[in-house]
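The values are calculated or read from the model by the stated rules, or taken from the named source; none is laboratory data. Small disclaimer: the values here were computed from a predicted structure and weren't measured. Glycine also receives a Cβ, built like all others from the backbone with ideal geometry; neighbour counts cover every protein chain displayed.
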């Protein structure tokens, strides 16, 4: 029988630098989103990218995207000609110095129409740089199943 040993570590307490790095990462990502620079957005991810959502029938869904699938879908979703703006409040929860789950409450305004959303991202730090690896948001399952 294999023995599993849980590491003896309490909850990780992020440093000011940890918090600043996450804030700066999201500022870069938000700026690229506003510019609809999907290729550079993809540069900030680890692929395959995990996705977790649910559909219009309330069924949970999980899957993965390749870089090409991410870029194609994000271009479709973000590629309109209307002005896009958003305001976000983010709450990072660090599991370690290199793993964080970040909850976001945001209001997106597209062409004068606003919508409030809540989602979460799992970020991993590799070679000193943060990248997102999992996107979690309700309501996308119908689109993701195509």
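Things to note:
- Every residue from segment 60-72 that is free of Cβ contacts under 8 Å to residues at least 24 places away in the same chain and assigned to a strand (DSSP E or B): 62, 64, 65
- Search result, residues across segment 124-146 that are over 22 Å from residue 54 (Cβ atoms) and either under 11 Å from the mean Cα position of the chain (by Cα) or surrounded by 12 or more Cβ atoms within 10 Å (Cβ to Cβ) (or both): 124, 125, 130, 131
- When segment 71-86 is limited to residues that are touching a strand residue (DSSP E or B) at 6+ places or on another chain (Cβ under 6 Å) and surrounded by 12 or more Cβ atoms within 10 Å (Cβ to Cβ), the one that is farthest from residue 12 (Cα to Cα) turns out to be 84.
- Any chance residue 86 is in contact (Cβ under 8 Å) with a residue 12 or more places away in the chain, assigned to a strand (DSSP E or B) and within 14 Å of residue 137 (Cβ to Cβ): yes
- All of 106, 42, 34 fail the test of being surrounded by 13 or more Cβ atoms within 10 Å (Cβ to Cβ), in contact (Cβ under 8 Å) with a residue 12 or more places away in the chain and closer than 30 Å to residue 11 by Cβ, apart from 106.
- Close pairs (8 angstrom Cβ cut-off, 6 or more residues apart or separate chains): within 19 Å of residue 43 (Cβ to Cβ) in segment 15-30, in a helix (DSSP H, G or I) anywhere: 29/41
Conditions tested, residue by residue: (1) over 17 Å from residue 33 (Cα atoms); (2) touching a helix residue (DSSP H, G or I) at 6+ places or on another chain (Cβ under 7 Å); (3) modelled with pLDDT of 95 or more; (4) outside any strand (DSSP E or B).
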| site | (1), (2), (3), (4) |
| --- | --- |
| 58 | yes, no, no, yes |
| 74 | no, yes, no, yes |
| 77 | no, no, no, yes |
| 93 | yes, no, yes, no |
| 107 | no, no, no, no |
| 114 | no, no, no, no |
| 124 | yes, no, yes, no |
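- Top-ranked residue in segment 19-56 [being under 21 Å from residue 139 (Cβ atoms) and in a strand (DSSP E or B); ranked as farthest from the chain's Cα centre (by Cα)]: 54
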